[in-house]
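Any read-out appearing in this document is the output of simple, stated calculations on the displayed coordinates, not a laboratory observation. As the structure is a prediction and not an experimental result, all values here were calculated from the model. Heads up, the Cβs are rebuilt from the backbone with ideal geometry, glycines too, and the neighbour counts pull from every protein chain shown.
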Amino acid sequence: MSIEFKVEGMSCQHCVAAVTRAIQEQDAGAQVQVDLPAGKVAIQSAASIDTLKAAIDEAGYTVVGVDGN
């Protein structure tokens, strides 16, 4: 599954690493691409949307939108 989240609160490479780590703790094989300027996180994962959203929230960032296909 491919999903893109609009995420608030990311501003640096530490944020990128924290979000990536949180997602990969839920699905070790997940592909994660973070676009800091756009505030977007694109993910290819077998995990559910709710699981991925919760992982981002638990890492301290706010999911404000979802675009999945």
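When the residues of segment 6-21 are filtered to those that are within 19 Å of D67 (Cα to Cα) and in contact with a Phe, Trp or Tyr (Cβ under 9 Å, 6 or more places away or on another chain), which remaining residue is surrounded by the fewest Cβ atoms within 10 Å (Cβ to Cβ)?
Residue satisfying both the conditions and the ranking: E8.
Out of segment 22-46, which residues are surrounded by 13 or more Cβ atoms within 10 Å (Cβ to Cβ), outside any helix (DSSP H, G or I), small (G, A, S) and in contact (Cβ under 8 Å) with a residue 24 or more places away in the chain?
G39, A42, S45
How many of the residues in segment 7-21 are of a type outside the set (A, V, I, L, M, F, W, C), part of a helix (DSSP H, G or I) and either in contact with a helix residue (DSSP H, G or I) (Cβ under 7 Å, 6 or more places away or on another chain) or in contact (Cβ under 8 Å) with a residue 24 or more places away in the chain (or both)?
Residues that pass the stated criteria total 1.
Is it true that G60 is at positive phi, outside any helix (DSSP H, G or I) and out of contact with any strand residue (DSSP E or B) (no Cβ under 8 Å at 6 or more places or on another chain)?
Yes: the conditions hold for G60.
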